[in-house]
Amino acid sequence: MNHPHANPDPQWTSRYAKQITSATEAVRRIKPGQRVFLGTGAAVPRALVRAMIQEHARLADIEVVMVFVVGELPLVAKELVDTFTVNTFFVADNTRAMIQAGSGDYTPILMSDIPRLFSSGQMPLDVAMIQVTTPDLEGEVNLGIAVDVIRCATENAGLVIAQVNPSLPRTYGDSNLSIWDIDLLVPEEESLPEVIFPTPDESIERIGRHIAGLIPDGATIQMGLGRVAQSSIKYLTGKKNLSVHTEMISDSVLDLISAGAITSPEKNHDAGQVVTSFAMGSRKLYAAVNNSPWFSFRRTEYVNDVRTIARQQRMVAINGALQVDLTGQVCVDSLGSTLYSGIGGILDFNTGASNAAEGRSIIVVPSTARKGKISRIVPRLTPGAGVALNRGVVHYVVSEFGIAYLFGKTIQERALALIGIAHPEFRLRLLKRAVKQGLIRPEIGNVDGQIWVGGKELRTSMVLDTGQLVTFRSSRPTDWKPIKKMLYSLSEGTVYRRFMSHVKRFPFNRVKNFTFIDQRRDVVIVGVIADGKDEWVIAIGGYNVEEGGSNRAEVAFLVRDEWQGQGIGTFMMRHLTNMARNAGLSGVTAETLMDNRPMQAVLEKCGFSVHTRIDGETVHFDIDF
């Protein structure tokens with residue numbers, strides 16, 4: 001990793017006088033019909049762009065190739081369409097209208113493959129226009145806040161023109177470039193464009209908190225280019241010993257550093273550093289990366305290499321999506337056939353993180369778009385949509401309504417999991433479409449109002465004397481198989497005491513009563529233990545409101561045999577009665593067999609007024625709040 005050589009050469013203009021020229025004279029070296037590469041993001045050499053536009057009458061058929069640039073891009077003006085054709089690898093705000101109108105080009109490609117386009121000669125570059133710092137005493141300039149594919153572009157372009165901007169930060173990594181690798185130097189100081197991400201709304205905040213639950217201490221994180229992925233990491237400030245290996249950083253990474261979530265750069269090479277290929281943010285971010293060993297700006301060939309990503313410690317990739325269908329297909333670069341963004345590094349990092357030791361790949365998707373009018377979780381992708389990740393490689397999908405783990409799951413399990421994290425307004429119609437498409441069994445379709453994932457008020461946890469954490473949450477549609485597995489694991493005695501009969505089979509129609517809940521009447525919670533990917537149901541309980549206007553509910557619960565006697569039943573009973581009381585009920589009822597003393601003990605010490613009566617072999621409990 002190079003040192004940025006912070007001491008500029010005060011004599012550089014005389015030392016390299018033969019290479020120095022004006023922006024206008026520099027772009028006059030560009031010939032009609034040539035392909036011109038333009039530097040990335042906030043490092044776009046705007047003085048050279050302005051000069052090229054001024055020379056547009058002389059130029060013709062210029063193809064401008066770029067990843068994307070920040071701010072206004074006057075090259076896309078309608079009156080310049082016969083002179084400049086923009087070919088972008090990522091459709092951004094300033095190129096979207098042009099691309100959608102068919103007057104520009106979008107090249108869909110993995111970020112990791114772009115350098116190969118240049119170096120192989122498949123996309124030969126006539127000119128590279130970049131931005132650099134002033135030369136230092138050793139005859140090197142610095143690429144500053146964008147290294148990405150710029151290094152490869154300069155190595156393969158026939159003519160390299162650099163705007164020399166003293167305002168550009170000097171950075172560590174692969175940022176240094178010999179002055180002799182540049183043909184023309186254009187001194188032009190100007191401020192860098194800032195990118196201020198909007199304050200996260202409530203949905204992004206909830207997504208961020210879900211993501212935080214998936215990221216362990218000591219993880220290495222990547223954040224995709226989108227607003228949701230970048231904004232959500234601010235909720236990781238409570239983590240410890242994080243590292244960063246990502247394409248782009250924004251101001252959100254500074255929050256993690258100031259909170260102590262990211263370890264010091266002295267820890268060891270790469271692991272304690274923020275490794276990135278470019279930065280986009282505020283002046284505060286640009287000042288922070290200047291001459292700071294915290295940050296290492298590396299080439300795309302390194303940052304996006306799947307093997308490099310897979311070697312990272314507990315690699316977690318976080319990337320946004322435009323749509324996810326009920327089988328798990330992910331669309332990121334188009335809305336139907338309308339091109340909207342780009343593939344970027346989502347496949348690079350999804351693959352790398354999935355193959356890393358203890359790695360995780362997370363797709364984030366707000367549940368709705370257009371102010372809640374449409375669902376981003378859809379039965380089928382909009383016709384024409386491009387699939388960036390096929391259904392076989394997707395692991396976690398996160399919306400503001402929860403987490404769906406898809407890897408290794410059946411189509412039916414995937415559909416139910418994704419319906420469970422869709423916006424409640426769309427769940428029933430998604431369910432109906434899933435049945436119609438044959439994604440889930442028909443009898444599930446008859447559960448109007450019962451596709452529901454409970455809110456945080458239903459969630460709690462306890463730590464057993466053994467140190468095991470047991471989490472209690474609302475039952476989900478995807479729990480029907482884990483619950484069935486639990487039921488078949490029970491001893492004959494436990495089954496008889498709970499169901500008061502010798503039940504031998506648990507068909508779907510019986511199990512669905514635990515998982516498809518009419519939220520207007522009933523509550524079902526499960527106690528689970530988890531390892532981050534799978535959960536095991538070890539307890540289940542709930543209540544259903546009685547008919548007849550008694551304002552009471554019948555309560556029941558069940559604990560797997562090997563977990564009995566550890567206080568789980570008592571904990572669940574108190575949790576259920578507190579929920580019932582908070583819901584405005586006046587009390588609960590329960591029934592148990594005479595010889596079921598453990599259950600009776602739990603009911604008797606629930607903390608409320610308890611009345612019992614015996615009817616044959618059954619004990620009836622009335623508990624008043």
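Every read-out reported here was derived from the displayed coordinates using simple, explicitly stated rules and does not represent laboratory data. Note that the coordinates shown come from a computational prediction; the quantities given were computed from them, not determined experimentally. Counting neighbours? That spans all protein chains shown, and the Cβs are built from the backbone with ideal geometry, glycine included.
What's the angle, to the nearest 10 degrees (0 to 90), between helix 480-489's Cα axis and the longest principal axis of the chain? The two axes meet at around 50 degrees. Charge tally around VAL27: other residues with Cβ under 11 Å, Lys/Arg +1 each, Asp/Glu -1 each, net +3.
Helix 568-582 and the longest principal axis of the C-alpha atoms of the chain enclose an angle of approximately 80°.
If you take the Cα centroid of segment 1-48 and the Cα centroid of segment 564-625, the two points sit 78 Å apart.
For segment 1-88, applying the loop criterion from DSSP together with a ceiling of 16 other beta carbons within 10 Å to the trypsin sites (Lys or Arg not before Pro) yields ARG28, ARG29, ARG58. Here the label points at THR24 and ALA97, each 7 Å from Cα along the C-beta direction, are separated by 2.9 nm in the simple model. Within the chain, antiparallel bridges make up roughly 50 percent of the DSSP beta bridges whose residues both belong there.
In the chain, one over the average inverse separation of all distinct C-alpha pairs is 27.3 Å, which is the Kirkwood hydrodynamic radius. Could you work out the relative contact order of the chain? I mean the mean sequence separation of Cα pairs under 8 Å and 6+ apart, divided by the number of residues, in percent. The value is 9 percent.
Scan segment 218-321 for chymotrypsin sites (Phe, Trp or Tyr not before Pro) in coil per DSSP, keeping those whose Cβ has at most 14 other Cβ atoms within 10 Å, and list them by number. For chymotrypsin sites (Phe, Trp or Tyr not before Pro) across segment 218-321 that sit outside H, G, I, E and B with at most 14 neighbouring Cβ atoms in 10 Å, the list is empty. Approximating the spin labels as points 7 Å out from Cα along Cα→Cβ, the SER489-to-ALA259 distance works out to 3.4 nm. Placing dummy labels 7 Å off each Cα toward the beta-carbon, the span from SER337 to ARG283 is 4.7 nm.
With viscosity 0.692 mPa s and temperature 37 °C, the Kirkwood radius over alpha carbon pairs of segment 12-187 converts through Stokes-Einstein to a diffusion coefficient of 202 µm²/s. Would you please classify the overall shape of segment 456-624 from the alpha carbon gyration tensor, given that a ≥ b ≥ c denote the square roots of the eigenvalues, rounded means a/c under 1.5, and beyond that prolate means a/b larger than b/c while oblate covers the rest? Taking the square roots of the gyration eigenvalues as a ≥ b ≥ c, segment 456-624 is rounded. Dividing the helix sum by the residues of the chain, where each DSSP H run of 4 or more adds -39500 (n - 2.57), gives a mean residue ellipticity at 222 nm of -7000 deg cm²/dmol. With the charge dipole of the chain set up from +1 on Lys and Arg Cβ and -1 on Asp and Glu Cβ about the Cα centre, the Cα lying farthest toward the positive end among the listed residues GLY33, ILE346, LEU322 is that of LEU322. The trypsin sites (Lys or Arg not before Pro) of segment 357-410 that DSSP puts in a loop, and whose beta carbon has at most 12 other beta carbons within 10 Å, are ARG370, LYS371, LYS373.
Residue pairs exceeding 26 angstrom between C-alpha atoms, taken from LYS240/LYS284; LYS436/LYS481; LYS432/LYS484; LYS373/LYS432; LYS78/LYS371: LYS78/LYS371.
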